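Structure first, commentary second.
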Amino acid sequence: MTKEELKNHLIKTLPPILSRQGVEKHTGGLIKAKTMRMLDCQGAGPMEGRFKRGRKVFYSREHFVDWFIEESNPLV
């Protein structure tokens, strides 16, 4: 699967917004909510498309997927 195919698949299957806990759930535990929190604090997470409502942080699907694809490297 190419990065483009993975991106298209994620755009089709993920909900329009993802909380940090949703990221953990929808990536099958690949990325933990705690990891997202740490990446956000370091400025290394998806900065664009990140929102806060009360104490909850959430991401738009498109910006999360763009960040996820950019940070992922295919194994050959």
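Readers should treat all values here as calculations from the given coordinates under stated rules, not as data from a laboratory. No experiment lies behind these values; they were computed from the predicted model shown. Glycine also receives a Cβ, built like all others from the backbone with ideal geometry; neighbour counts cover every protein chain displayed.
In this simple spin-label approximation, Lys52 and Lys32 carry label points 7 Å from Cα along the Cα→Cβ vector, and these lie 2.3 nm apart. Loop-located trypsin sites (Lys or Arg not before Pro) in the stretch 1-65 (DSSP state other than H, G, I, E, B) with a sparse environment of at most 11 neighbouring Cβ atoms within 10 Å: Arg55. To make sure I understand the rule: partners must be lysines, Cα under 18 Å from the Cα of Lys56, and not fewer than 8 residues away in the same chain. Which ones qualify? Straight-distance partners of Lys56: Lys25, Lys32, Lys34. How far is helix 33-42 tilted, in degrees, relative to the longest principal axis of the Cα atoms in the chain, given as a value from 0 to 90 rounded to the nearest 10? It works out to around 80 degrees. Per residue of the chain, the DSSP helices (runs of n ≥ 4 H) give a summed -39500 (n - 2.57) that works out to -15000 deg cm²/dmol at 222 nm.
Between the helical axis of 61-71 and the longest alpha-carbon principal axis of the chain there is an angle of about 60 degrees.
All other residues whose Cβ lies under 15 angstrom from that of Ser72 are scored, Lys and Arg at +1 and Asp and Glu at -1, for a net of -3. The GluC sites (Glu not before Pro) of the chain meeting both criteria, a DSSP state outside H, G, I, E and B (loop) and at most 13 other C-beta atoms within 10 angstrom of the site's C-beta, are Glu48. Taking amide H atoms as placed 1.01 Å from N in the peptide plane, the amide H of Ser19 lies under 5 Å from those of Tyr59, each 5 or more residues away in sequence or on another chain. For semi-axes √(5λ) of the Cα gyration tensor in Å, the candidate list reads (1) 19, 13, 11; (2) 26, 14, 10; (3) 20, 13, 11; the entry that matches the value derived from this model is (3).
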